[in-house]
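Undergrad: Below is one structure. I have some questions about it.
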Amino acid sequence: MRIVGLSGGIASGKSTVSNLFKSHGIPVVDADVIARDALKKGSGGWKKVVAAFGEEILLENGEVNRPMLGQIVFSDPDKRQFLDRLLAPHISSGIFWEVVKLWLKGYKVIVLDVPLLFEAKIDKFTKPIIVVWIDPETQKKRLMGRDKSNEEDAGNRINAQMPLDVKRNKADIVIDNTGSLDDLKEQFQKVLIEVSKPLTGTQFWHSRNGALVILASLTSGLVLCIKALS
């Protein structure tokens, strides 16, 4: 199995690239979706977060008020890191089991869409690593336009993440999203060709088909040994 890492920054266009992969039949494990599940009412992550930040972060229905929690942690790096530590085990476990499910279904290529790919050290399990990049000024303008936030709030959210220039230097493939959607789609087609190449030998043996070949070989060998000894 080829596990492709996809990262970027807030309002960089990473979700657009993620959706392009899905539209071309490549499954995506979305860490943001898993993180939302980790905060659902009654879950282990929910209990930890409520215990740490208090019931005032809850809505009337008992679910976490995510915008309120976001305002708290994005304005305070220590609280943000504390929240990341609380949820990290639940998110990592969720990603692992999603990958296992896709492996069992026989997919040869999957994408891990993880905003904190490098911070969480998940990048060491992915190859290639794709980063969706835009310049900081464009990123801030797009974020303010998308969320109707002011410049200070947008700056706090962007500064809470690893700079895109740093991520770009860690990437195998960089998608420059400073242009139009058509420009992005044109770059994506080249990326799609790259990640859809035949699996390497190591990647094949790590795929379900490779595991089935190994199992068949071991079974055949065992049968021959039994016949030889009988």
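Undergrad: Which residues, taken from the range 1-21, are hydrophobic (A, V, I, L, M, F, W, C) and part of a helix (DSSP H, G or I)? Give the derivation first.
TA: Taking the range 1-21 as the starting set, the residues that turn out to be hydrophobic (A, V, I, L, M, F, W, C) are 1, 3-4, 6, 10-11, 17, 20-21.
The answer is 17, 20, 21.
Undergrad: Could you grab the pairs with beta carbons closer than 9 Å, sequence gap of 6+ or different chains, first residue in the range 134-150 and touching a residue at least 60 places away in the same chain (Cβ under 8 Å) and part of a loop (DSSP other than H, G, I, E, B), second one surrounded by 13 or more Cβ atoms within 10 Å (Cβ to Cβ) and charged (D, E, K, R)?
TA: Sorted first by the residue in the range 134-150, then by its partner, the pairs are 134/142; 134/176.
Undergrad: Can you tell me which residues in the range 32-60 are open to solvent by 40 Å² or more (accessible area, probe 1.4 Å), within 17 Å of residue 98 (Cβ to Cβ) and not in a helix (DSSP H, G or I)?
TA: 40
Undergrad: For the range 25-35, indicate whether the set of residues that are over 19 Å from residue 107 (Cα atoms), touching a residue at least 12 places away in the same chain (Cβ under 8 Å), touching a His at 6+ places or on another chain (Cβ under 7 Å) and of a type in the set (A, V, I, L, M, F, W, C) is non-empty.
TA: Start the filter on the range 25-35 by keeping residues that are over 19 Å from residue 107 (Cα atoms), which leaves 32-35.
Those left that are additionally touching a residue at least 12 places away in the same chain (Cβ under 8 Å): 32, 34-35.
Those still in the list that are touching a His at 6+ places or on another chain (Cβ under 7 Å) too: none.
No, every residue in the range 25-35 fails to be over 19 Å from residue 107 (Cα atoms), touching a residue at least 12 places away in the same chain (Cβ under 8 Å), touching a His at 6+ places or on another chain (Cβ under 7 Å) and of a type in the set (A, V, I, L, M, F, W, C).
Undergrad: Specify which of the listed residues (23, 92) is modelled with pLDDT of 95 or more, open to solvent by 40 Å² or more (accessible area, probe 1.4 Å) and under 30 Å from residue 189 (Cα atoms).
TA: After applying the criteria, what remains is 23.
Undergrad: Just to be sure, is residue 100 touching a helix residue (DSSP H, G or I) at 6+ places or on another chain (Cβ under 6 Å) and at negative phi? Let's see the steps before the verdict.
TA: Details: touching a helix residue (DSSP H, G or I) at 6+ places or on another chain (Cβ under 6 Å): no; at negative phi: yes.
Here the answer is no, as residue 100 does not meet what is asked.
The values are calculated or read from the model by the stated rules, or taken from the named source; none is laboratory data. Note that the structure is a prediction, hence the values are computed from the model and not measured. FYI the Cβ positions are ideal-geometry reconstructions off the backbone, even for glycines, and counts take in every protein chain you see. The area values use the complete protein model at the heavy-atom level, side chains included, leaving out ligands, DNA and RNA. Shrake-Rupley method; radii C 1.70, N 1.55, O 1.52, S 1.80 Å.
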